[in-house]
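Values quoted throughout were computed directly from the atomic coordinates according to the rules given, and no laboratory measurement underlies them. Just so you know, these numbers come straight off a predicted model, no measurement behind them. Positions of Cβ are backbone-derived with ideal geometry, glycine not excepted, and every protein chain shown enters the neighbour counts.
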Ligand code: SF4
């Protein structure tokens, strides 16, 4: 299955389900989709986590079916480092990733303390990121810095407040995005500009995913420029007008 998420090519969900941990989870799309389609019966509270988290060992072989190299978002519908996912299962997921160096696996967690304690091995095709939506959870930055991955990143999406000043030492990539969907919380563009400028000053890759808005992937530009950098690929931004297919979206 492909994905609309612009910074990846594929999603792979060896587990599904999660529980909310911070303000960025308020409108979790994975929860909304799971409830809408009956994959979860109960809201994603901590109390319901044991019912909502499901391991899918039958999906562990899925990455072996991809013939061309891909960037793969691991657990777009869950959090691989949720405390209820057993070490033994996380180890199986890591073994698959290590076995397929042609793919780049992008893990994103709101539980970076467990990622920092994870012993690995951490081959260089595993990128490890954490979500930071406001300064209340800025401690996640130190935790992700402490993990063994060779490429570490931040997803500031949904960006709900200023993160400035932010120390990007040991960080290789920052994704910024506003919240999408009904009831979305507006992103102040200055918060995004400040992060962009810090990335530029530090030589850290910057990816601007989307503005806040009622639909996902709206206005994927900042100050009319499209930023699609990746770790080790600091390509210049280009004008939003070049994005013909979405230029009319607002
Ligand atoms: S940690 Fe991620 S998957 Fe889990 S509830 Fe929060 S936003 Fe959703």
- Query: Which value at 222 nm does the chain reach when only helices count, each DSSP H run of 4 or more adding -39,500 (n - 2.57), with the total divided by all residues and rounded to the nearest 500 deg cm²/dmol?
  - Reply: -6000 deg cm²/dmol
- Query: In nm, what is the difference between 0.36 nm times the number of residues separating residue 169 and residue 233 and their Cα-Cα distance?
  - Reply: 21.3 nm
- Query: By the gyration tensor of its Cα atoms, with a ≥ b ≥ c the square roots of the eigenvalues, what is the shape of the stretch 151-250: rounded for a/c under 1.5, prolate for a/b over b/c, or oblate?
  - Reply: oblate
- Message: Let me see the P(r) profile for the chain: every Cα-Cα distance counted, bins of 10 Å, each bin given as a percent of all pairs.
- Response: 7, 31, 39, 21, 2
- Message: From the gyration tensor of the Cα coordinates in the stretch 1-63, what semi-axes in whole Å does the equivalent ellipsoid have, largest first, with each one equal to sqrt(5λ)?
- Response: 21, 16, 10
- Message: Only Cα pairs within less than 10 Å get springs; with that Gaussian network setup on the chain, which residue of 102, 210, 229 has the largest fluctuation?
- Response: 102
- Query: Fewest to most neighbouring Cβ within 10 Å: what's the order for 70, 41, 26?
  - Reply: 41, 26, 70
- Item | Average Cα contact separation per residue, the chain, under 8 Å, 6 or more apart, as relative contact order % | 13
- Query: Per q in 0.19, 0.30, 0.33 1/Å, what log10 I(q)/I(0) does a Debye calculation on the alpha-carbon atoms of the stretch 159-200 return?
  - Reply: -0.58, -1.12, -1.26
- So which residue, out of 21, 72, 176, gets the largest mean-square fluctuation from a GNM of the chain using Cα contacts under 10 Å as springs? 21
- Item | Additional length obtainable on full extension of the chain from residue 64 to residue 139, 0.36 nm per residue less Cα span | 23.4 nm
- Query: Could you give the distance between the Cα centres of the stretch 133-190 and the stretch 212-237, to the whole Å?
  - Reply: 15
- Query: For the stretch 10-238, what proportion of DSSP beta bridges, expressed in % and rounded to the nearest 5, is antiparallel?
  - Reply: 20
- Message: Only counting other Cβ atoms within 10 Å, I'd like 166, 144 sorted with the fewest neighbours first.
- Response: 166, 144
